[in-house]
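Just below is one structure, and these are the notes that go with it.
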Amino acid sequence: MGALPARGVAAERVLGEVRELRGLDRPTHGGRLFAYVYDPGVAGLDELAAAAYAESAHVNGLDPTAFPSLLTMENALVGAAARVLGGGPGTSAPEVVGSVTSGGTESLILAVKAARDARPEIATPRIVVPASAHAAFAKAAHYLRVKIDSVPIDPETLRPAVADVAAAIGPETVLVVCSAPSYAHGVIDPVTQIAEVAAAAGVRCHVDACFGGWTLPYLRRLGEPVPAFDFAVPGVTSISVDLHKYAYAPKGVSVLLHRDPALRAPQYFAYADWPGYTMINPVISSTRSGGPIAAAYATLRHLGDDGYLELTRRTRDAARVLADAVRGVDGLRLITEPESTVVCFTSTDSGPDLFVLVDELAARGWHTQPQLTYAGLPRSVHLTVTAAVAPRAAEFAADLAEAVAAAGVAGPVTLPPELLALAGALSPEALTAELVASLAAGLGLGTVGGPDSGAGGGLPERMAPVNTLLDAAPPALRERLLVEFVSLLQRPSY
Ligand SMILES: Cc1ncc(COP(=O)(O)O)c(C=O)c1O
C-alpha cells in the first residue's frame, strides 16, 4: 500500500489502517515483551504523554529563543537527571550540565565527540571500551573516526578487570567507558576504580547509564547493594541516561550529562559561514520536535520521585520471580545473579536449544531476546524486566517449564552441515547478492510488500534457524548477513 494515494483518504480510515498495521507488532504493553519497550503499567500515563506530545509536536528545538517552552522543559529534564545521578546543588558535582538527545546512541556519540574534540592535538584519538559496553560506542567510533581499544570481560563476573582498563589507556586515549549496568547481562562495572585510573591518566570517563541509570538509584533506596556509579564518584566526567527506558517516557529522549560546562563545551557544533541563520546545535539533529521532550516532562512530573520508587520496587520483585522461575527449571541456568533489572539465562549441557526455546516462549506469548555466542560467552536469553511484568511474572514459571519441555521434544535446530560450515568459514567480502538471496529464501526471509511477504512483514514465524546460522558465523559475517537481510526487507511499497 503506497503512502501517497491519488486522492486523500478520510482521517478515520487512515487511523484504521495504522491500527491494523500495529496489530502485526509485538505487544508493547502488558509485560510480555522483554526487550525494546518499557512499560510501567500505569493507567492514564500513555494518554497524558500523548497529549503533551501533541501539544509540542510542531515546536522546533532548533532555536531555544523562539521556543522557550522547550528550553524550560529541557532544563527541567536535565536537572531531574542530574539529581537522580548524584549531581546538582548540595552535591560534590554542583555544576552538572547536560542536553536532551534523541536516544542512548546519540548520547554516546556525543560523549565521544566531546571527548575527541576536547583533544584536537591528538591525531588518532582512541577510546577504551569494555567488550560488554553497548554497540553504540562502536558506532560512535565508526562515525567519528576514533579507534577503539577493547578490554575483554571476565566470563564469570562479566566485567572488565581494572588493571586491563588501566593498561589499555595510552597517550592517545580521549575517553574511558564503563556501563552501569551493561545491557546484555545487567551488570555494573567497577566504576569507582575505572574512573580513578582514567583520572590518574588525565582522561575523561563516561558512565553509560542509558539502560539502568534511572533504576539503580531507586534500587539503592530500596536497600539493594548498588555500588557507586554516578557523579558521587570522583573522575566520572559524563553520564548518559535514557528517559525512554526506565523513566518510562515515549521514545526519543535521553539525557547526556557532563560534570561541568567546560566538559560539555566541545559537544556543541556552531556554524556561521553560510548566508542563512547561524546554526548552534548541542546535539546531532538540528530541527528537533518538541514532542518527545514535552512527553518526557509530563511523564516525569506525573510519576514523581515516589512513583519511580514504587515502579522500581515492582520491577525488582518481578525480576526476582522470573529469576526463580529460571532456577526452577532443569536445563537452564542464570548467566549471573540479577544485579539490576535484567534476567539473563543460558542452557546447561543437557538443556534445550535456546533459540528453539525462544520460539516456544513466543508461541506462548512471551517475547524474549536471544543473544548469540560471543567471545567465550554462551548463547543466552535476555529479559529486560519492567514494572508492567509484575502482575504477569507468576505466570512465567509454568510457561517456561512447558516451553523447555516442548523445545526438548522439538530438538535442536539442524541446519545442513555445509551451510553451517559455510557460515563459519565465509569471509564477509565473499558474500554475493545471489548467496544472500538464496540464504534468505532458505531461511524463509521474504521481502516486505513483495510477492512472498507474509502478514509479519516478510519474517518467518520461527527465528531459530536464522539465529542458528548467525550464531555459527563470526561477528563480521553476522554484521554483513544482517545488513543484507534487513536491506532485503527495506524495499519501497508503491
Ligand atoms: C547500556 C545502553 N547504552 C546505550 C543504548 C542505546 O540506546 P538507544 O537504543 O536508545 O539508542 C542502550 C540500549 O539498549 C543500552 O542498553
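The values are calculated or read from the model by the stated rules, or taken from the named source; none is laboratory data. Because the structure is predicted, anything quoted here is derived from the model rather than measured. Virtual Cβ from ideal backbone geometry, glycine too; neighbours counted across all protein chains shown. Note: accessible area is taken over every heavy atom of the protein model, side chains too, but ligands, DNA and RNA are not part of it. Shrake-Rupley method; radii C 1.70, N 1.55, O 1.52, S 1.80 Å.
Translational diffusion coefficient of the chain (Stokes-Einstein, Kirkwood radius from Cα pairs, 25 °C, 0.890 mPa s): 101 µm²/s.
Can you tally the net charge around Val84? Count Lys and Arg as +1, Asp and Glu as -1, for every other residue whose Cβ sits under 10 Å from the Cβ of Val84. Intermediate values should be presented prior to the final figure.
Values: positive: Arg83; negative: Asp230, Asp305.
Around Val84, the surrounding residues sum to -1.
Taking Cβ atoms as reference points and 13 Å as the exclusive limit, the residues near Leu354 contribute a net charge of -3, counting Lys and Arg as +1 and Asp and Glu as -1.
Longest stretch of the chain clear of exposed loop sites (GluC sites (Glu not before Pro), DSSP loop, at most 13 other Cβ atoms within 10 Å, sites excluded): 157-460. A simple spin-label model places the labels of Ala163 and Ala401 4.6 nm from each other, with each point 7 Å out along Cα-to-Cβ. Couplings 3J(HN,Hα) for the stretch 61-72, derived from phi with the Karplus relation 6.51 cos²θ - 1.76 cosθ + 1.60 (θ = phi - 60°), are x, 4, 10, x, 7, 7, 10, x, 4, 5, 4, 4 Hz, where x marks Gly and Pro.
For the full complex of protein chains and a 1.4 angstrom probe, list Ser380, Ser493 by accessible area with the highest value first. Walk me through the numbers on the way to the answer.
Numbers: Ser380 5, Ser493 60 Å².
Sorted by accessible area, descending: Ser493, Ser380.
Annotation: aspartates and glutamates with alpha-carbon distance below 20 angstrom to Lys147 (same-chain offsets under eight excluded): Glu106, Asp117, Glu121, Asp164, Glu172, Asp208, Glu479.
For Ala11 and Arg301, calculate 0.36 nm times their separation in residues minus their Cα-Cα distance, and state this gained length in nm to one decimal.
101.2 nm
Under 24 Å of direct C-alpha separation, and excluding same-chain neighbours fewer than eight residues apart, Lys251 reaches these lysines: Lys113, Lys139.
Could you state the per residue volume, in Å³, of the convex hull enclosing the Cα atoms of the stretch 149-202? Can you show the working numbers first?
Values: hull volume 4.1 nm³, N = 54.
Value for the stretch 149-202: 75 Å³ per residue.
Three principal axis extents describe the C-alpha atoms of the stretch 60-174; from largest down they are 47, 32, 24 Å.
In the stretch 64-171, what percent of the accessible surface is made up of carbon and sulfur (1.4 Å probe, ligands and nucleic acids excluded)?
Values: 2850 of 4970 Å².
Answer for the stretch 64-171: carbon and sulfur cover 57 percent of the accessible area.
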